[in-house]
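Some notes on the structure that comes next.
The values are calculated or read from the model by the stated rules, or taken from the named source; none is laboratory data. Since we're looking at a predicted model, the values are computed, not measured. Cβ: placed from backbone, ideal geometry, glycine included. Neighbour counts: every protein chain shown.
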Amino acid sequence: MANPRIPYRLSSQRPELPALRGKRIFVHLVVNVEHWQFDQPMPRTIITPPHGRETVPDVPNFSWADYGMRAGLPRILKLFYERGLPASASFNAGVIDAYPAAAEAMLEAGWEFIGHGIHQKAINHAEGGEEAVIQGALDKIAAFTGSRPRGWLSPGLRETVDTPDLLKRNGIDYVCDWVVDDLPSWMATRHGPMVAMPYNLEINDSIIYAVERHATGEMAKRLAHTLRLFEDEVSENPRVLAIGLHPHLISVPHRFHELVQMIEMLHASSEVIFVTGSEICDWYIQAEPLRGA
């Protein structure tokens with residue numbers, strides 16, 4: 001079995017799907033808004049500790065992320081507001097308590113809240129068990145926003161063999177962990193079908209700048225090549241173009257101009273529409289209903 005959740009098929013053999021409000025490239029801006037716990041080892045580092053010994057508290061690496069929540073996020077909020085852009089927040093529920101003004105600002109901006117655990121740590125290592133973390137995150141976001149999240153992105157996209165089943169049992173409609181196609185797909189769970197939503201591991205500032213450590217400009221270059229190909233391919237079928245963003249990476253002063261450049265590049269395409277995850281999910285459910293559902 002190549003994939004235990006999503007049946008295999010060539011993208012070229014998928015049925016033709018309709019446009020969304022006349023557009024065929026669906027841009028999904030996903031801002032990862034995270035709570036890195038000060039008294040825990042950091043999820044990722046920018047500076048190596050002396051003699052290679054990890055320390056807690058890890059002040060420089062904590063501050064790297066904390067800067068994004070203080071100075072980086074307001075830049076993204078302002079840019080998206082001025083351009084009238086919808087966005088989804090891949091959201092650690094712990095942000096509500098740790099960064100209340102940030103949570104309120106995203107709620108006021110009308111961003112969609114996607115479940116992303118409680119803190120930025122793998123859910124399979126969480127105290128109390130995986131389902132308790134999923135339930136806790138969704139309940140906390142629902143209490144804060146007034147509506148339960150429909151989407152989920154696991155911290156680090158890490159799952160256990162049971163994660164999709166637990167997500168579906170807790171009311172999730174779509175999950176972004178399974179990056180297998182440029183269109184959504186139906187995936188199987190023990191509690192009924194769920195939508196596998198395209199995300200992006202290539203046009204993602206965490207991969208490009210924190211993991212691969214490219215120079216500023218690489219992300220915009222990749223986006224330009226991707227957009228050019230998608231503009232050719234949409235004669236066959238629409239494409240979902242998800243862009244993963246982190247306030248401590250794309251919103252630092254020497255790099256923020258690149259996000260502005262990418263937004264302008266996308267605006268210039270006659271095929272592009274900016275949408276949230278739920279909009280894409282609803283479009284897909286209607287465009288390719290699951291047989292027998």
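Close Cβ contacts (under 9 Å, 6 or more residues apart or on different chains) running from residues in segment 1-22 that are in a strand (DSSP E or B) to residues that are surrounded by 15 or more Cβ atoms within 10 Å (Cβ to Cβ) and at pLDDT below 95 are absent. Considering only residues in segment 144-164 that are among the polar types (S, T, N, Q) and surrounded by fewer than 19 Cβ atoms within 10 Å (Cβ to Cβ), the one that is modelled with the lowest pLDDT turns out to be THR160. Scan segment 127-135 and give yes if some residue there is at pLDDT below 95, closer than 26 Å to SER63 by Cα and of a type outside the set (Val, Ile, Thr), otherwise no. Scanning segment 127-135, I find at least one residue that is at pLDDT below 95, closer than 26 Å to SER63 by Cα and of a type outside the set (Val, Ile, Thr), so the answer is yes.
Would you pick out the residues in segment 270-283 that are touching a residue at least 60 places away in the same chain (Cβ under 8 Å) and closer than 22 Å to VAL31 by Cα? Those that are touching a residue at least 60 places away in the same chain (Cβ under 8 Å) and closer than 22 Å to VAL31 by Cα: VAL272, ILE273, PHE274, VAL275, THR276, GLY277, SER278, GLU279, ILE280, CYS281, TRP283. Quick check on THR226: is it at pLDDT 95 or above and in contact with a Leu (Cβ under 7 Å, 6 or more places away or on another chain)? Yes: the conditions hold for THR226. Would you mind stating whether GLY128 is over 20 Å from HIS248 (Cβ atoms), touching a Lys or Arg at 6+ places or on another chain (Cβ under 8 Å) and in a loop (DSSP other than H, G, I, E, B)? Taking the combined requirement at face value, the residue does not satisfy it.
In segment 84-98, the residue that is nearest to ILE172 (Cα to Cα) out of those that are of a type in the set (A, V, I, L, M, F, W, C) and more than 17 Å from the chain's Cα centre (by Cα) is ILE96.
Is it true that some residue in segment 99-113 is in a loop (DSSP other than H, G, I, E, B), modelled with pLDDT of 95 or more, under 13 Å from PHE144 (Cβ atoms) and of a type outside the set (A, V, I, L, M, F, W, C)? Reasoning before the result, please.
Start the filter on segment 99-113 by keeping residues that are in a loop (DSSP other than H, G, I, E, B), which leaves 99, 110-111.
Next cut, modelled with pLDDT of 95 or more only: 99, 110-111.
Restricting the remaining residues to those that are under 13 Å from PHE144 (Cβ atoms) gives 99, 111.
Add one more test, that the residue is of a type outside the set (A, V, I, L, M, F, W, C), and what stays is 99.
Yes, segment 99-113 contains at least one residue that is in a loop (DSSP other than H, G, I, E, B), modelled with pLDDT of 95 or more, under 13 Å from PHE144 (Cβ atoms) and of a type outside the set (A, V, I, L, M, F, W, C).
Filtering THR216, THR189 for residues that are surrounded by fewer than 18 Cβ atoms within 10 Å (Cβ to Cβ), among the β-branched types (Val, Ile, Thr), assigned to a loop (DSSP other than H, G, I, E, B) and touching an Asp or Glu at 6+ places or on another chain (Cβ under 8 Å) leaves a single hit, THR216. Filtered by the rule that a residue be within 21 Å of GLY115 (Cα to Cα), assigned to a loop (DSSP other than H, G, I, E, B) and acidic (Asp, Glu), segment 32-85 gives a lone residue, GLU34.
Between LEU107, LEU167, the distinction of being within 30 Å of GLU16 (Cα to Cα) and either surrounded by fewer than 16 Cβ atoms within 10 Å (Cβ to Cβ) or in contact (Cβ under 8 Å) with a residue 24 or more places away in the chain (or both) belongs to LEU167 only.
Collect the residues in segment 131-167 that are in a helix (DSSP H, G or I) and of a type in the set (A, V, I, L, M), keeping them in residue-number order.
Within segment 131-167, the subset in a helix (DSSP H, G or I) is 131-145, 155-157, 163-167.
Once the filter is applied, which keeps residues that are in a helix (DSSP H, G or I) and of a type in the set (A, V, I, L, M), segment 131-167 yields ALA132, VAL133, ILE134, ALA137, LEU138, ILE141, ALA142, ALA143, LEU157, LEU166, LEU167.
Counting only residues that are of a type in the set (Phe, Trp, Tyr), over 28 Å from TRP36 (Cα atoms) and part of a helix (DSSP H, G or I), how many does segment 245-281 have? It would help to see each step written out before you state the result.
The first filter runs over segment 245-281 and keeps only residues of a type in the set (Phe, Trp, Tyr), leaving 256, 274.
Now restrict to residues that are over 28 Å from TRP36 (Cα atoms): 274.
Add one more test, that the residue is part of a helix (DSSP H, G or I), and what stays is none.
Summing the residues that are of a type in the set (Phe, Trp, Tyr), over 28 Å from TRP36 (Cα atoms) and part of a helix (DSSP H, G or I) in segment 245-281 gives 0.
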